[in-house]
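*Asks:* Below you'll find the structure I mean.
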Amino acid sequence: MNRNAYIGIFDSGAGGLTVAKHLMEWLPDENILFFGDTAHLPYGTKSEKQIKEFAVNDVAFLNTFELKSLVIACNTADSVARETLLREFDMPIYGVIDPASKKAAEVTENKKIGIMATTATVRSLAYRKAIHRIDKDIEVYQLACPLLVPLVENRRYRKDDTVVRLILSEYLEQLTANGIDTLVLGCTHYPLLYDAIHDLVPDLKIVSSSEEAAKALVRSLKASDLLSDEPGSIRRFYVSDDAEAFRKNADIFLGKDITGEVIQVAV
Ligand code: DGL
């Protein structure tokens, strides 16, 4: 395995950049290849069949480069298409659901966990299954939050935004009614809403699937002695539609502008 090969990351859109952001901060010498399937965003409202097809095409594109690992930086694709990807591609594949579930099971004290996610992720029951593999006694309350991805993609995420607060309050009330002490942000778009959510429910422990996925990859690359040994890094960004819009929007997810080009490809 070439330790200086790319870490391939994909999502339906810009949300997966919240995983890339952590990796770029923690492992500045890693070469990163990002693909956002913006032509098909959002995945969360699509059928299982469609999501699987999209995910296979996304990875087939990334696989035209030399990869040392692949991150499914999309809870929706991880929950629906993970098995398919493991079957179709022979490479180390990392997801978001398992690391986030592990962390949530670790931090909950009352064994009641809430999951905010897309409709497709909730329908798959992937979080419930993953958490129950760790501890069957944990109660898992899932809630589909279909309004959040469009909000964030439209740069509406700030905690003083009235619309953001109104929508989040409605979602959070349904989850907190179950007495949860831990909340999983089960979509890689949601870390942008962290401040707004924390402001509304300050007592909840909040687990970010993006952060936990990035931590799990770092741990694994270190353990398998696969960290890059070349100083500096190459970072490439590809999308399936409207490269310019993606480049303009990337700053809020990445915490900074994409300096290089964003290239549109057909997948
Ligand atoms: N960011 C993705 C996720 O983690 C998907 C959002 C969407 O395309 O619906 O679920």
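The values are calculated or read from the model by the stated rules, or taken from the named source; none is laboratory data. This structure is a prediction, so every number in the text was calculated from the model and none was measured. Cβ atoms come from the backbone with ideal geometry, glycine included; neighbour counts cover every protein chain shown. Ligands, DNA and RNA are stripped out before the accessible areas are found, and what is left, the full protein with its side chains, is counted by its heavy atoms. Shrake-Rupley method; radii C 1.70, N 1.55, O 1.52, S 1.80 Å.
*Asks:* Sorted by accessible area (1.4 Å probe), largest first, how do His189, His40 line up?
*Replies:* Descending accessible area places them as His40, His189.
*Asks:* Further question on the same structure: With only Lys, Arg, Asp and Glu charged, each at its Cβ (+1 for the first two, -1 for the last two), find how big the charge dipole of region 180-267 is about the Cα centre; round to the nearest 20 debye.
*Replies:* Using only the charged Cβ atoms, the result is roughly 200 debye.
*Asks:* Explain nothing, just the number: relative contact order of the chain, from Cα pairs under 8 Å at least 6 residues apart, as a whole percent. Let's see the in-between values first.
*Replies:* Details: 535 pairs, mean separation 73.1, N = 267.
In percent, rounded to a whole number, it is 27.
*Asks:* Counting only Cα atoms, I'd like the Rg/Rh figure for the chain, Kirkwood definition for Rh.
*Replies:* 0.95
*Asks:* Does a label point 7 Å from the Cα of Thr119, set along Cα-to-beta-carbon, have any residues of region 42-74 with amide nitrogen under 19 Å, and which are they?
*Replies:* 42-55
*Asks:* Can you spot the lysines whose alpha carbon is less than 20 Å from Lys159's alpha carbon? Ignore those fewer than 8 places along the same chain.
*Replies:* Answer for Lys159, where 20 Å is the Cα cut-off: Lys205, Lys256, listed by chain and number.
*Asks:* Could you order Tyr43, Tyr194 by accessible surface area, starting with the largest, using a probe radius of 1.4 Å?
*Replies:* Solvent-accessible surface, decreasing: Tyr194, Tyr43.
*Asks:* Karplus couplings for region 9-22 from phi (6.51 cos²θ - 1.76 cosθ + 1.60, θ = phi - 60°), rounded to Hz, Gly and Pro as x?
*Replies:* 10, 9, 8, 5, x, 8, x, x, 5, 5, 7, 4, 4, 5
*Asks:* Under 18 Å Cα-Cα from Lys222, which lysines qualify once same-chain neighbours fewer than 8 residues away are excluded?
*Replies:* Answer for Lys222, where 18 Å is the Cα cut-off: Lys68, listed by chain and number.
*Asks:* Would you please give the FRET efficiency between Lys129 and Glu88, computed as 1/(1 + (r/R0)^6) with r the Cβ-Cβ distance and R0 = 22 Å, to the nearest 0.05?
*Replies:* Taking R0 as 22 Å, the efficiency between Lys129 and Glu88 is 0.55.
*Asks:* Which of rounded, prolate, oblate describes region 154-267, given a ≥ b ≥ c as roots of the alpha-carbon gyration tensor eigenvalues and a/c under 1.5 marking rounded, otherwise prolate only if a/b is larger than b/c?
*Replies:* oblate
*Asks:* R0 = 22 Å: FRET efficiency of Ile234 with Glu25, Cβ-based, nearest 0.05? Write out the running numbers ahead of the final one.
*Replies:* Numbers: r = 17 Å, r/R0 = 0.76.
E between Ile234 and Glu25, to the nearest 0.05, is 0.85.
*Asks:* Evaluate 2.2 N^0.38 Å with N set to the residue count of region 79-153, then give the Cα radius of gyration divided by it.
*Replies:* Expressed relative to 2.2 N^0.38 Å, the Cα Rg reads 1.20.
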